[in-house]
Amino acid sequence: MSKEKISICEDLADVMPPEYHTLVENATYGNGERGWKDIGSSKELIEQHSLCAGCPEALAFRYVMASIPNPEDTVFVGSTGCTSLVFPHVAIQNIHSLFGNQNAVASGLVRTLRRRFPDKKKDVIVLAGDGATVDIGLDCTMQSFFRQENITTICFDNELYANTGGQESGLMQKGFVAKMAPVGKTFEKVRLPEIAREAGCHYVACLTVSKPNRVEKAIKNAVLVAREVGPTYIQLYTPCILEIGKQSMEGLDEMKDAESIGGRFVMKEYISDEAKKLLDSVEAERKAKKKAAKAAKK
Amino acid sequence: MSQYQVKAGPEAYLPPAAASMGIVLPDPGEAHIEGKIVSEDKAYEHCAKKLLEAKVPTIFPGPLVLWKWNEKAAQKAAAVRRLAEILPARIIPMADYRPKYPKIDPEVEINPNHPNLTIWHSNIDVGLFVGVHCHQANLALKIIRGGTNCYTLAMCAQAGHEDACLSFRDATVEKIDKLTATIERLKKEGVKSQAEPFTQFKMDRTGRVD
Ligand SMILES: Cc1ncc(C[n+]2csc(CCOP(=O)(O)OP(=O)(O)O)c2C)c(N)n1
Ligand code: SF4
Ligand SMILES: [Mg+2]
């Protein structure tokens, strides 16, 4: 895929629905500086969403799609769950894997892409729910970390199995009672960010999606490090408002509460030395470019 | 047991997959008509006649010919346009495969998840699919055979579709053009298009502009 391919055949362009015309004319493919601030002024790479009204997963999708550095050369690997309902509406290559297999599929994919396109930067990003990442797919998730696969793993953590009606998940907090887990969770929330760090992830971040600039930075860091150094892991708190009994408008407040001091989702970040070196050099390069552009303007 | 025939529907709420009824795909150089393997030449004739005798002949181009993946895709798109113009036939795109919300506009698009809506809306009696990925084509073709009386034609770039009433395989620009030429020849021989008069809609980023 390259951004040149995101164009419509001239002979049939005049029958294509309007959203595809805007996608070609006004999306941010090929723009190295793309980010969450483009939302509202350019065509987003997500057309509609089929989640519950007000679901923070929808917000998270928008920010993630706006933040990835190289959408025309990125492949997402998804898994079953609420997240998988959104992928058919996304203008980025994506693969739906069998529930839990996502990191295994992504491993094969990234290796193949690197062989097939040695001179191109192709990013492979896993995006799946907590049930897929931490429970049923934990084996594949961890093994991909151990093997140092060049993939970014993003977990939409809503602390339960939302799509199937509210079963207990490893990332659920202790004591929580869900619609289909009436006894209440008897053990602590699995500490996957720490496990990911120990298992060899070079960049790990855990945060809510209440602040788009933070999400953008974390996603960009994770993708760049995965491309050059090794596996990265991002855990985003995207509360299932349906299961925790909140209204459509209350998702943002829930995330803000969860990230305030003492909350479960106070932002944390781990960066390996190798990743730090890379990110510092990328930042220095970005600053130099900006300075040069400013000077050229004068 | 008599051989199953892949005829226009409505067949059943859920028609069987033609493959499960013993229909096999054509070999290179062949095609199938209603499940019977025939020579490609025979299929051109039959396909051309079906399109000419239709009241609402319609071409449904899919993503593989709508998007400019490469030069070949662009040439196929041009060939599809030539075919539509010679008939004449409506063009209604299957631009992607997402289940659109709240619903598609059946006058100007078709969706593999409920293609019957588009076919019912315009009373499409013969439809030709081109450039639709196999798995989505199979889904759409079965739904159409199940709930509509549309005769389906597949200009397939791979191994053909059992679930279409007629299917070519290994479609190329040349094959689409050969179908166009067959129609042109039949017209010269006096076969008249039975298509009802229509105006092809036009779109840009603001919506319909026709
Ligand atoms: C192999 C397999 N096992 C079980 C299921 C049933 N299933 C569908 S969605 C789902 C839960 C998804 O939970 P999570 O990954 O947390 O995503 P969420 O819906 O919460 O976003 C399950 C168990 C399945 N589709 N496939
Ligand atoms: S069930 Fe929960 S996670 Fe799924 S779409 Fe609805 S609010 Fe979002
Ligand atoms: Mg979940």
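Return yes or no: is A:E149 within 16 Å of ligand 3 (Cβ to nearest atom), charged (D, E, K, R) and touching a Pro at 6+ places or on another chain (Cβ under 8 Å)? Here the answer is no, as A:E149 does not meet what is asked. Selection of segment A:17-72 for residues being touching a Gly at 6+ places or on another chain (Cβ under 7 Å) and either among the β-branched types (V, I, T) or farther than 19 Å from A:V209 by Cβ (or both) yields A:P18, A:E72. Filtering A:I261, A:I244, A:I195 for residues that are surrounded by fewer than 20 Cβ atoms within 10 Å (Cβ to Cβ) and within 16 Å of ligand 2 (Cβ to nearest atom) leaves a single hit, A:I244.
Pick from segment A:46-61 the residues that are touching a residue at least 60 places away in the same chain (Cβ under 8 Å) and within 16 Å of the chain's Cα centre (by Cα): which of them is nearest to ligand 1 (Cβ to nearest atom)?
If we take residues in segment A:46-61 being touching a residue at least 60 places away in the same chain (Cβ under 8 Å) and within 16 Å of the chain's Cα centre (by Cα), then A:E57 is nearest to ligand 1 (Cβ to nearest atom).
Looking only at segment A:79-96, count how many residues are within 16 Å of ligand 2 (Cβ to nearest atom), within 14 Å of chain B (Cβ to nearest Cβ) and under 12 Å from A:L127 (Cβ atoms).
Qualifying residue count, segment A:79-96: 4.
For segment A:32-45, a tally of residues being surrounded by 19 or more Cβ atoms within 10 Å (Cβ to Cβ) and either within 14 Å of chain B (Cβ to nearest Cβ) or within 16 Å of ligand 1 (Cβ to nearest atom) (or both) returns 2.
Scanning segment A:259-298 for residues that are assigned to a helix (DSSP H, G or I), in contact (Cβ under 8 Å) with a residue 12 or more places away in the chain and over 19 Å from the mean Cα position of the chain (by Cα) yields A:E274, A:L278, A:V282. Determine whether segment A:97-111 contains at least one residue that is within 16 Å of ligand 1 (Cβ to nearest atom), within 14 Å of another protein chain (Cβ to nearest Cβ) and either touching a strand residue (DSSP E or B) at 6+ places or on another chain (Cβ under 9 Å) or without any contact (Cβ under 8 Å) to a residue 24 or more places away in the chain (or both). Within segment A:97-111, none of the residues are within 16 Å of ligand 1 (Cβ to nearest atom), within 14 Å of another protein chain (Cβ to nearest Cβ) and either touching a strand residue (DSSP E or B) at 6+ places or on another chain (Cβ under 9 Å) or without any contact (Cβ under 8 Å) to a residue 24 or more places away in the chain (or both).
Being surrounded by fewer than 23 Cβ atoms within 10 Å (Cβ to Cβ) and more than 14 Å from every other protein chain (Cβ to nearest Cβ) holds for only one residue in B:A164, B:A154, B:A181, and it is B:A181. Being touching a Pro at 6+ places or on another chain (Cβ under 9 Å) and acidic (D, E) holds for only one residue in B:D210, B:D177, B:D96, and it is B:D96. Condition test on A:C240, is it in contact with a strand residue (DSSP E or B) (Cβ under 6 Å, 6 or more places away or on another chain) and either closer than 21 Å to A:F156 by Cα or not in a helix (DSSP H, G or I) (or both)? The answer is no for A:C240. Here's a check for you: in segment A:83-94, which residue that is within 14 Å of the chain's Cα centre (by Cα) and under 17 Å from A:C155 (Cβ atoms) is surrounded by the fewest Cβ atoms within 10 Å (Cβ to Cβ)? Among those residues, the one meeting the criterion is A:N94. Scanning segment B:154-168 for residues that are in a loop (DSSP other than H, G, I, E, B) and either in contact with a strand residue (DSSP E or B) (Cβ under 7 Å, 6 or more places away or on another chain) or under 18 Å from B:P16 (Cβ atoms) (or both) yields B:C156, B:G160, B:H161, B:E162, B:D163, B:A164, B:C165.
Condition check for A:E149 on (1) closer than 23 Å to A:S272 by Cβ; (2) acidic (D, E); (3) free of Cβ contacts under 8 Å to residues at least 40 places away in the same chain: one failure, at (3).
Annotation note: Cβ proximity below 8 Å between a residue of segment A:5-31 that is facing another protein chain (nearest Cβ under 7 Å) and a residue that is β-branched (V, I, T) and assigned to a helix (DSSP H, G or I) (sequence gap 6+ or interchain) occurs for A:S7/A:V24; A:I8/A:V24; A:C9/B:V65; A:D11/B:V80; A:L12/B:V65; A:L12/B:V80.
Considering only residues that are surrounded by fewer than 18 Cβ atoms within 10 Å (Cβ to Cβ) and in a loop (DSSP other than H, G, I, E, B), which ones fall in segment B:107-139? Matches in segment B:107-139: B:E107, B:N113, B:N123, B:H133.
Taken together, the residues in segment A:135-170 that are under 22 Å from A:E198 (Cα atoms), crowded, with 24+ Cβ neighbours inside 10 Å and among the aliphatic types (A, V, I, L, M) amount to 2.
For segment A:111-131, filtered to residues that are out of contact with any Phe, Trp or Tyr (no Cβ under 6 Å at 6 or more places or on another chain) and within 29 Å of B:P99 (Cβ to Cβ), the residue that is nearest to ligand 2 (Cβ to nearest atom) is A:D130. Pairs linking a residue in segment A:124-142 that is away from chain B (no Cβ under 14 Å) and closer than 15 Å to A:G200 by Cβ to a residue that is near ligand 1 (Cβ under 10 Å from one of its atoms) and aliphatic (A, V, I, L, M), with Cβ atoms under 9 Å and 6 or more positions apart or on different chains, are A:T141/A:A128; A:T141/A:A132; A:T141/A:V134.
The numbers here are math on the coordinates, done by the rules we state, and not lab data. This structure is a prediction, so every number in the text was calculated from the model and none was measured. FYI the Cβ positions are ideal-geometry reconstructions off the backbone, even for glycines, and counts take in every protein chain you see.
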